[in-house]
Amino acid sequence: MSMTGLDKWYGYMKSHDRAALWDLLHPDAVFESPVVHTPQRGRDITFKYLSSAEKVLGGPGFAYVGEWRSATGAVLEFEKAIDGITINGVDIITFSDDGRITHFKVMVRPLKAINLLHRLMGEQLAMTQGDTGGARSQPPT
């Protein structure tokens, strides 16, 4: 697999450039959360979840500590401490032939970390309420 998509993902995590994230997402991207029962389908909702997660988890102290690649994607293990709780998880990312993200699944441990993320992500998503509707040709601001 060409790692162009993975390189762009790492670039987004460093730059926090929302336009770069938008461009990286396939229009039919699917996001799977550790706390939401059903897969979230489409670029708009996937963008909303990933940009919110970057605000909650990204920045100082966030680190990818492992990487495993396949022909169509990668598994990236991450760690971040928030409020004295060490969050350990994996991003399972699948890319299309053109390097765009088609599927993004997050798994997190331990239970304290899941509960913390559930609360923090809920708060972050509430701040962006109303930012999921309609097709877009560019990222929401």
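The values are calculated or read from the model by the stated rules, or taken from the named source; none is laboratory data. Only a predicted model underlies this, so the values are computations on that prediction, with no experimental measurement involved. Ideal geometry is used to build each Cβ from the backbone, glycine not excepted, and the neighbour counts take in all protein chains shown. Note: accessible area is taken over every heavy atom of the protein model, side chains too, but ligands, DNA and RNA are not part of it. Shrake-Rupley method; radii C 1.70, N 1.55, O 1.52, S 1.80 Å.
Taking every residue in the stretch 103-129 that is within 20 Å of ILE93 (Cβ to Cβ) and among the aliphatic types (A, V, I, L, M) and pairing it with any residue that is open to solvent by less than 50 Å² (accessible area, probe 1.4 Å) and part of a loop (DSSP other than H, G, I, E, B), at least 6 positions away or on another chain, the pairs with Cβ-Cβ distances below 8 Å are VAL106/SER33; MET121/SER33.
When the stretch 11-22 is limited to residues that are in a helix (DSSP H, G or I) and without any contact (Cβ under 8 Å) to a residue 60 or more places away in the chain, the one that is farthest from PRO110 (Cα to Cα) turns out to be ALA20. Against the condition farther than 24 Å from ARG119 by Cα, in a helix (DSSP H, G or I) and touching a residue at least 24 places away in the same chain (Cβ under 8 Å), how does LYS8 come out, does it pass? Judged against the criteria, LYS8 is a match. Among residues of the stretch 54-71 that are over 26 Å from ARG119 (Cβ atoms) and part of a loop (DSSP other than H, G, I, E, B), those with a beta-carbon under 6 Å from a residue that is open to solvent by 70 Å² or more (accessible area, probe 1.4 Å) and hydrophobic (A, V, I, L, M, F, W, C) at least six positions away or on a different chain give the pairs ALA71/MET1.
Residue-level check: of (1) closer than 15 Å to ASP91 by Cβ; (2) at pLDDT 95 or above; (3) not in a helix (DSSP H, G or I), ASP28 misses just (1). Are any of the residues in the stretch 82-95 open to solvent by less than 40 Å² (accessible area, probe 1.4 Å) and under 20 Å from GLN129 (Cβ atoms)? No, the stretch 82-95 contains no residue that is open to solvent by less than 40 Å² (accessible area, probe 1.4 Å) and under 20 Å from GLN129 (Cβ atoms). Restricting to the stretch 63-105, name every residue that is touching a helix residue (DSSP H, G or I) at 6+ places or on another chain (Cβ under 7 Å) and either on the phi > 0 side of the Ramachandran plot or among the aliphatic types (A, V, I, L, M) (or both). Listed by number, the residues that qualify are ALA74, ILE82, ASP83, ILE85, ILE87, ILE93, GLY99, ILE101. Considering the stretch 72-102, and only residues there that are assigned to a strand (DSSP E or B) and among the polar types (S, T, N, Q), the residue that is farthest from PRO60 (Cα to Cα) turns out to be THR102.
Among the residues of the stretch 59-81, those that are buried (at least 16 other Cβ atoms within 10 Å of the Cβ) and not charged (D, E, K, R) comprise PHE62, GLY73, ALA74, LEU76, PHE78.
Kindly establish whether ASP98 is over 19 Å from TRP22 (Cα atoms), of a type in the set (D, E, K, R) and surrounded by fewer than 19 Cβ atoms within 10 Å (Cβ to Cβ).
Numbers: over 19 Å from TRP22 (Cα atoms): no; of a type in the set (D, E, K, R): yes; surrounded by fewer than 19 Cβ atoms within 10 Å (Cβ to Cβ): yes.
Taking the combined requirement at face value, the residue does not satisfy it.
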